[in-house]
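Read the structure below first, then the notes.
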Amino acid sequence: PDHECVCFPATNTPSGISIPSLSSASPYPITFSVSGLDADVTRIEVIISGYTHVDITDVGMILKAPNSNTALLIGRAGNSGQSASGANVTLNNYSGTLWNGYSSGTYSNDPYAYRSMSWNASGLPDYTATQSGNPSSTFVGMSAAAANGTWELYIQDFGINGGGSIASVTLCLCDYIN
């Protein structure tokens, strides 16, 4: 079967996204207003344009659906000291290749990405909390979610090596069509 996708740009990032060292991204969270969908979501894509960071292993991202389900997109991916410069990345729940943290292309969210990251009781990145609140490591559970509403993307820098930025982010939700 084919997929029909509808894409929604972030609603609160007119000047892009700043990722300061040892801090939450600004804005935080990044929001997407989803409306008009009438079918269950079977595929989810997050398109990140112009991703730049001094040390890719410092960054973690999770996506939160309107029904409060969360999925880890990336968490300290790649090798320490590796930088990203202007990468254009699509992260999804169906590609087989994991993102290395710096190359442009289409990749799967990392089901093992939460290594050495901390999350608060709400399942959101928190570099001062314990790991007891890890979110789901995949998009499992989001596919049948009621997709209309506000989606949120949480980005956190966990390191002291320097910050980064993202030019834009888009959320695409897809369903099966015959």
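Only residues that are in contact with a Ser or Thr (Cβ under 6 Å, 6 or more places away or on another chain), open to solvent by less than 30 Å² (accessible area, probe 1.4 Å) and either over 27 Å from residue 159 (Cα atoms) or among the aromatic types (Phe, Trp, Tyr) (or both) were counted in region 24-60, giving 1.
Quick test for you: out of 103, 118, pick the one residue that is at pLDDT below 55, open to solvent by less than 40 Å² (accessible area, probe 1.4 Å) and more than 23 Å from residue 67 (Cβ to Cβ).
One residue alone meets the criteria, 118.
Count of region 61-72 residues, restricted to those that are among the small types (Gly, Ala, Ser) and open to solvent by less than 40 Å² (accessible area, probe 1.4 Å), is 2. Per the conditions (1) surrounded by fewer than 24 Cβ atoms within 10 Å (Cβ to Cβ); (2) farther than 21 Å from residue 150 by Cβ, the sole criterion not satisfied by residue 75 is (1).
Checked against (1) more than 25 Å from residue 146 (Cα to Cα); (2) open to solvent by less than 30 Å² (accessible area, probe 1.4 Å), residue 21 passes all but condition (2).
In region 76-92, is there at least one residue being modelled with pLDDT under 75, in a loop (DSSP other than H, G, I, E, B) and closer than 24 Å to residue 40 by Cα? No, region 76-92 contains no residue that is modelled with pLDDT under 75, in a loop (DSSP other than H, G, I, E, B) and closer than 24 Å to residue 40 by Cα.
The values are calculated or read from the model by the stated rules, or taken from the named source; none is laboratory data. Note that the coordinates shown come from a computational prediction; the quantities given were computed from them, not determined experimentally. Glycine gets a Cβ as well: all are built from the backbone with ideal geometry, and neighbour counts include every protein chain shown. For accessibility, only protein heavy atoms count, side chains too; no ligands or nucleic acids. Shrake-Rupley method; radii C 1.70, N 1.55, O 1.52, S 1.80 Å.
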